[in-house]
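*Asks:* Okay, handing you the structure first.
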Amino acid sequence: MTVIYGDIVFCMNGALDYLLLLSAARLTASPVNRLRLLLAAGTGGVYAVAVFLPDFGILNTPPVRLLWSVLLSGVAFGWNRGLLRRWGAFLGLSGALAGMLVLVACFSDSAAGFPRGIPVTGQDARALLLSGALCCWLSSTLWSRLAPAHGGELVPVTLHWDGREVRLTALRDSGNLLTDSRGRPVLAAEIQAVAPLLPERGEALNPDDPIACFERCAPQWGTGRVRLIPYRSAGGGRRLLLGVNTDWAEIGKVRVEGQVVALCPERLSDGSYQGVIGVD
């Protein structure tokens, strides 16, 4: 008879869910919120313990398991339009991990059989941790090596101007060729994300009319602070964006003096990122 220890079940399955959710975030180039991941992992650990409680057998049925995976993904990544893609990655990695557990068990003395599909003993922990670490390594290390070469990497950005600071997430996109006069990539960012950085929070700005904004703001904000940035979209259309010169920015781990930011009136994503910058 297998003895079930609730603390072991909670810790092992919580760690497993954390690794899987982190791997799904890496694979889909999604921002990682560690607190949300920890909360989701803790929820997964509670579910694993509840599966073994009397009168809770319904939790072990496929429909409930599927719904629970959606709940974990929503808690970890947020309830937005990108959830379906991240949930799919989470399910795919869960299946891959199951295969890894069987493979690792074939080359070790660890038993691959888990009661109700849940790891419950210390003997299972070796295969669990090795397989989970392998999943995380494949999805983060290899992805991080490939992403910078082709774009698609999400990076944290911090912008500074006259003692004010805003933080946002930007997508590195090799197809974004927008540059300043020195040939450095221009950060295109949603105006809502950048507004707290601007004088008077940019309340007087109307980015739909960049020429009028430039004429009004240039004398007030100082020489060289505001500019008009021409660009051409993928469809061939041409337009102007209002651009501002920050004091400096930190993009990833690189500090850039005088980073130029183009203010975009429309949203750039489903909430995964608020800016787009070319691959330098």
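*Asks:* Using a probe of 1.4 angstrom, how much of the accessible area of region 53-96 is carbon and sulfur, in percent?
*Replies:* Values: 1920 of 2550 Å².
Whole-percent figure for carbon plus sulfur exposure: 75.
*Asks:* 5 Å is the cut-off here: which amide hydrogens, built 1.01 Å from N in the peptide plane, fall below it relative to Val256, excluding neighbours closer than 5 in sequence?
*Replies:* Here the answer is Ala249, Glu250, Ile251, since their amide H atoms fall under 5 Å of that of Val256.
*Asks:* Students often check this: by mean Cβ neighbours within 10 Å, which of 56-68, 8-20 ranks highest, and how do the rest follow?
*Replies:* Numbers: 56-68: 11.9, 8-20: 21.5.
Peptide ranking by packing, descending: 8-20, 56-68.
*Asks:* Turning to a different aspect of this structure: What order do you get for 213-219, 153-159 when each peptide is scored by the mean count of other beta carbon atoms within 10 Å, highest first? Write out the running numbers ahead of the final one.
*Replies:* Details: 213-219: 15.1, 153-159: 19.6.
The most tightly packed comes first, giving 153-159, 213-219.
*Asks:* Determine the shape class of region 16-95: with a ≥ b ≥ c the square roots of the Cα gyration tensor eigenvalues, call it rounded for a/c under 1.5, and otherwise prolate if a/b is greater than b/c, oblate otherwise. Could you put the intermediate results ahead of the total?
*Replies:* Details: a/c = 2.19, a/b = 1.75, b/c = 1.25.
Since a/c reaches 1.5 and a/b is larger than b/c, the shape of region 16-95 is classed as prolate.
*Asks:* I would also like to ask the following. So for each of 162-169, 84-91, 186-193 I average, over its residues, the number of other beta carbons within 10 Å; can you give me the resulting order with the highest mean first? Could the numbers behind the result be given before it?
*Replies:* Details: 162-169: 14.4, 84-91: 18.6, 186-193: 22.0.
Put in order of decreasing packing, that is 186-193, 84-91, 162-169.
The values are calculated or read from the model by the stated rules, or taken from the named source; none is laboratory data. Remember, it's a predicted structure, so these values are computed and weren't measured experimentally. For neighbour counting, all protein chains shown are included, and Cβ atoms are generated from backbone atoms with ideal geometry for every residue, glycine included. What goes into the accessible areas is simple: the full protein's heavy atoms, side chains included, and nothing from ligands, DNA or RNA. Shrake-Rupley method; radii C 1.70, N 1.55, O 1.52, S 1.80 Å.
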